[in-house]
1. P(r) for segment 34-95: what percent of alpha-carbon pairs falls in each 10 Å bin, starting at zero?
2. Taking the Cβ of each residue in ILE34, ILE103 as the centre, tally the other Cβ atoms inside 10 Å and list the residues starting with the fewest.
3. Report, in debye and to the nearest 20, how large the dipole of segment 58-124 comes out about its Cα centre when Lys and Arg carry +1 and Asp and Glu carry -1 on their Cβ.
4. Grab the Cα-Cα distance for GLU119 and SER37, subtract it from 0.36 nm times how many residues apart they are, and report the gain in nm with one decimal.
5. Indicate the helices, whole DSSP H runs only, in the chain that combine a mean Kyte-Doolittle hydropathy of -1.0 or more with a Cα extent along their long axis of 15 angstrom or more.
6. Counting other beta carbons within 10 Å of each Cβ, put VAL58, VAL64 in order, fewest first.
7. Can you give the helix-only mean residue ellipticity at 222 nm for the chain, where every DSSP H stretch with n ≥ 4 adds -39500 (n - 2.57) and the sum goes over all residues, rounded to the nearest 500 deg cm²/dmol?
8. May I ask you to evaluate 6.51 cos²θ - 1.76 cosθ + 1.60, the Karplus curve with θ = phi - 60°, for each residue of segment 51-60 and list the ³J(HN,Hα) values in order in whole Hz, giving x for glycine and proline?
Amino acid sequence: MPDHPLFSDVDVLLSWRSHWPAPDLVVVSVHGEIDLSTAARLRFALTEHLDLLPRVVVADLVPVRFLGVAGLNVFTEVRTVAAERGAQLRIVTGGRRPLQRPIELCGLCDVLPVYRTVEDALGR
């Protein structure tokens with residue numbers, strides 16, 4: 001997948017880059033803020049990659065500055081879509097409190113597979 005250039009205000013708030021460390025593994029590195037105004041863009045980024053039929057989609061959130069409830073809703077939705085397609089969504093927070101805390105407060109620790117590093121999420 002190519003990098004997505006910035007076109008609008010929403011694009012300035014959220015962008016991503018992806019790479020395929022293996023034919024069935026994709027890492028989507030998300031940059032910016034994940035909130036109500038950017039949730040649809042995040043959903044698009046993740047489902048766009050799921051359409052390419054990987055076994056695992058890793059959402060690397062370490063560069064993210066803010067993670068709101070709208071973003072958590074996207075992750076739970078995309079996790080369900082991935083499971084329906086026989087794939088997995090794995091989330092990397094780097095152990096950063098601004099990313100980890102919303103997941104904990106919303107009671108999603110047992111729902112969303114969260115990893116500290118991309119390498120851990122890839123099973124390496």
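1. 23, 57, 20, 0
2. ILE103, ILE34
3. Rounded to the nearest 20 debye, it is 200 debye.
4. 26.5 nm
5. Details: long enough: 39-50 (16 Å, 0.27); 69-84 (23 Å, 0.75).
Within the chain the helices that satisfy the rule are 39-50, 69-84.
6. Going from least to most buried by this count: VAL64, VAL58.
7. After summing the helix terms and dividing by residue count, I get -10500 deg cm²/dmol.
8. My calculation for segment 51-60 gives 4, 8, 6, x, 7, 9, 10, 9, 9, 8 Hz in order.
Bear in mind that the values in this text are calculations on the coordinates, not laboratory data. Owing to the predicted nature of the structure, the values given are computational and were not obtained by experimental measurement. Please note: Cβ atoms are built from the backbone with ideal geometry, for glycine as well, and neighbour counts cover all protein chains shown.
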